[in-house]
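Take a look at the structure below.
What follows draws every value from the coordinates through simple rules; no lab data is involved. Bear in mind that the values here come from a model prediction, so they are computed numbers and not experimental data. Virtual Cβ from ideal backbone geometry, glycine too; neighbours counted across all protein chains shown.
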Amino acid sequence: MKPITRFYSYVAIMLAMVTLCPLQTLAQVPARFYWKTLSGANAVPVVVQSLSGNANPFDPALIVTPGASFDARIALAGYGRIFSLHDRAAMIAVLEPMGRISGDVTVAGKTAKQTADGFGDPMVEFDINVIGPKAQKAIPDALRYKPGFSVDLLGDLAFPIGQYNSSQSLNLGQHRWYGRIGAPIVWQLGPWVPGKRTTIELLPAVWLFGTNDNFVGQTLSSDPLFQLDGHFTRDLTNHFWASFDTSWYAGGKATINGVSGDKRNNVALGFTAGYQINDNLGITIGYKSTINDSAPDALRLNQFMVSVVFGWHKIIEGQKRLKHDD
C-alpha cells in the first residue's frame, strides 16, 4: 500500500505543476511535470510568484519595453487530471491567473506609470503521450511504470477574456487569442527507484499569437516565438528532489502599426526544488533569471515562485480509508 501511495502522490504533484507555465513568460513548464501517473489522478495547485523585469510577465510574447521596470505579484489556481485515451496517457489542465502588475511604460515617446490588477486570460492545455509506456490503468501498471524515453504532443489555448484596458499597454489580459504547440520529452537515466531517479527533460514549443486590434488605439501583431525548456533532475531523498533549469527564447518579433521591433534571442537559467510533505500535499520552490540581459533592448526577467499542490486519486484514497478502518 505505502509504495504505490507514495508513487501516486509524488507524480500527481507534478501533474498540477503545469499551471506554472502557460501564462508567465519566464516560468517554463516545471521539471517532472510530464511524468505520467495512474489514470484518474487529480491535482489542484495554489501558486504565488514575484516577478520583475522589462516585459509584461502575463504576456508570453515577451515584448520588451527598453528602460522599463515592471513588478508583478501573481497568484494562480488550476486543476489537472490524467486519463487514458486509446491506451495512451493523456492530461487536461486549466488555469486562471490573477494578481497585480505595475511599472513605467513608454508609448509614443511618453513615459507614464501604469498599474493593472484583477484576472488574466484563462488557459486550457491538452497533452497526450505518443512514444513511451502505455497508460497506467491499474495499480500494477503504476508499480511497473518506467518512462524510458517518452515523447508527448501538447496544445495550449488562452481565452482573451482577462482584465484589459485599451487606454494603457500594461494589462493582465492580452485582448487576443494565443496558444502553444509542443513536444515534451522525458529521458530516464539509470534506475527508476525512489531516491535515485534521474532525468533529462526537454520541451521544444512554438507560441502562436493572434492580433490585438486595440493596443492603445493601435494594432499589435507578433511573429511566432520558439521556446526550448530543459531540465536535469535528480532525487536527493525519497521525498526531496531538485533540478537545474534552462530556457531559450527565439523569434517573436512584435509589430505595432507596421513598425517592427526586435526578435528575441535570450537565455534564462534557474533551479527548482520540490518536497513531498505527505501522501497528498507537496511544496515547490523555484528561481529563474535571464542571463544575457545587459543590452537596453534585451529581455530582462526575474522570477521567484512558491507553490503548494494537493493531489488525489479515488482508488488510492479508498484504499487508505479501508486501511484506516481496519
Quiz item: What are the chymotrypsin sites (Phe, Trp or Tyr not before Pro) within the stretch 58-151 that DSSP puts in a loop, where the Cβ has at most 16 other Cβ atoms within 10 Å?
Solution: none
Quiz item: Stretch residue 115-residue 151 to full length: gain in nm at 0.36 nm per residue minus the Cα-Cα span?
Solution: 8.9 nm
Quiz item: Of 142, 242, 43, which is the most mobile in a GNM of the chain whose springs link Cα atoms less than 10 angstrom apart?
Solution: 142
Practice problem: List 81, 264, 73 from most exposed to least, where exposure is judged by having the fewest other Cβ atoms within 10 Å. | Solution: 73, 81, 264
Quiz item: List the aspartates and glutamates whose alpha-carbon lies under 20 Å from that of residue 253, not counting same-chain residues fewer than 8 positions away?
Solution: 59, 213, 223, 229, 262, 293, 297
Quiz prompt | Inter-probe distance in nm under a simple model that places probes 7 Å from Cα toward Cβ, at residue 71 and residue 277 | solution = 2.8 nm
Self-check item: Label-point separation in nm, residue 138 to residue 196, each point 7 Å along Cα→Cβ
Solution: 2.8 nm
Self-check item: Amide hydrogen neighbours beyond the local backbone of residue 162, cut-off 5 Å, H modeled
Solution: 121, 174, 175
Quiz item: Which percent, to the nearest 5, of DSSP beta bridges fully inside the chain are antiparallel?
Solution: 100 percent
Quiz item: Residue by residue through the stretch 263-270, which ³J(HN,Hα) values in whole Hz follow from phi under the Karplus form 6.51 cos²θ - 1.76 cosθ + 1.60 (θ = phi - 60°), with glycine and proline marked x?
Solution: 6, 7, 8, 10, 10, 10, 10, x
Practice problem: Only residues of the stretch 59-88 count here: report those whose backbone N is under 19 Å from the spot 7 Å along Cα→Cβ of residue 257, or say none. | Solution: 64-66
